[in-house]
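Quick one: structure below, then a few questions.
The values are calculated or read from the model by the stated rules, or taken from the named source; none is laboratory data. The shown structure was predicted, so the numbers you read here are calculated from the model rather than taken from an experiment. Counting neighbours? That spans all protein chains shown, and the Cβs are built from the backbone with ideal geometry, glycine included.
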Amino acid sequence: MYLREQAFPSSEFYRALPGGVIDLPPMRVAEFIEDIALRFGEAELCFGHGTDNALDEAAWLVFSALGLDHADAEAAYALSVDARHRDRIDRLAARRIDERLPLAYLLNEAWFAGRRFYVDERVLVPRSPIAELIDSRFAPFAPPVVERALDVGTGSGCIAVAIALAFPGATVDAADVSADALAVAAANVERFQLEDRLKLWQSDLFAGLPERRYQLIVSNPPYVDRVDMSDLPQEFRHEPEIGLRAGPDGLDCVARILADASRFLTDDGILVCEVGNSQPALEARYPDAPFLWLEFESGGEGVFLLDKAGLETFVID
């Protein structure tokens, strides 16, 4: 979002008249976004659940609540916001500040790979740079034909859904140990009408999956280590801990994935896995592993790729 840098009336300018009637000054969408961004900035919120700054967060809130299209943003900025909608958005903004809830939970939506997904507090808010890899169909690393793909630790199902849409000829399995998370994933599978090609499995990583082989295995597992867990900002503490905590060094789940992935891969298959800030710990633990650390044009790090041959060249503890 690119809006004019200009000071607008703060929420203190708003007032409620006797009888509960809201008396609000005229305000355009652009002005309202700037006002909310100012409040978010003054509150020193932590971002990272779909945006990285107060202005984009405010724009997301206003556009979503008003049902505006980001593709027509310039026209939308000039629209007026009536008192009823202003009051509703104002209440959402107040909850974002007072409760430190991620905006995705307040709106029950998150954007991933250019698509809107349903989310709530049963799942992590989607934010993985793996979306960029899906957009490029994992080129040039994926096999020419992907008939089967697997998402390990699917959470909201966003990665699995995006893969199914990127590879319309593929069958996709998505696994998660959490029944709550799978309920959210099921809602997203239904939203994108993928019931015929995307199957959900309740499984602790690979443990509950049938013996199948995949050309593509993708995982964004828990990888937050003990120190980082203790330092999490309040917004991140609203997310399910099971999707974050991964032991002293952040590698509890990743080590198990590395130990089992090769037997689920085809000979030309690849594993793509995100480990975030635990990248140094992983490299120290497996110094001989031929990790290919991927780079992203839109930002992000800590995602490695291994093929089946690479997985079989080193010993997994």
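On the basis of being assigned to a helix (DSSP H, G or I), buried (at least 18 other Cβ atoms within 10 Å of the Cβ) and among the hydrophobic types (A, V, I, L, M, F, W, C), does residue 257 make the cut?
Yes; evaluated as a whole, the condition is true for this residue.
What pairs come up if the first residue lies in the stretch 269-282 and is without any contact (Cβ under 8 Å) to a residue 40 or more places away in the chain, the second is in a strand (DSSP E or B) and surrounded by fewer than 23 Cβ atoms within 10 Å (Cβ to Cβ), and their beta carbons are under 9 Å apart, counting only those six or more places apart or on different chains?
From the stretch 269-282, the pairs are 279/293; 279/304; 282/304.
Could you check the stretch 209-221 and list, in sequence order, the residues that are under 11 Å from residue 152 (Cβ atoms) and either in a loop (DSSP other than H, G, I, E, B) or out of contact with any helix residue (DSSP H, G or I) (no Cβ under 8 Å at 6 or more places or on another chain) (or both)?
209, 220, 221
OK, next. Can you tell me which of 227, 254, 272 is at pLDDT 95 or above, farther than 21 Å from residue 139 by Cβ and in contact with a Leu (Cβ under 8 Å, 6 or more places away or on another chain)?
254
Tell me, which strands (runs of 3 or more DSSP E) wholly within the stretch 54-152 include 3 or more residues that are closer than 27 Å to residue 293 by Cβ and at pLDDT 95 or above?
110-112, 148-152
Looking at 173, 204, 225, which is the one that is crowded, with 17+ Cβ neighbours inside 10 Å and farther than 20 Å from residue 126 by Cβ?
Answer to the selection: 225.
Suppose we filter the stretch 159-196 for residues that are more than 10 Å from residue 149 (Cβ to Cβ) and assigned to a loop (DSSP other than H, G, I, E, B); how many remain?
Final tally of qualifying residues: 9.
Also: Name every residue in the stretch 48-90 that is without any contact (Cβ under 8 Å) to a residue 12 or more places away in the chain, of a type in the set (A, V, I, L, M) and under 18 Å from residue 27 (Cβ atoms), in order of residue number.
75
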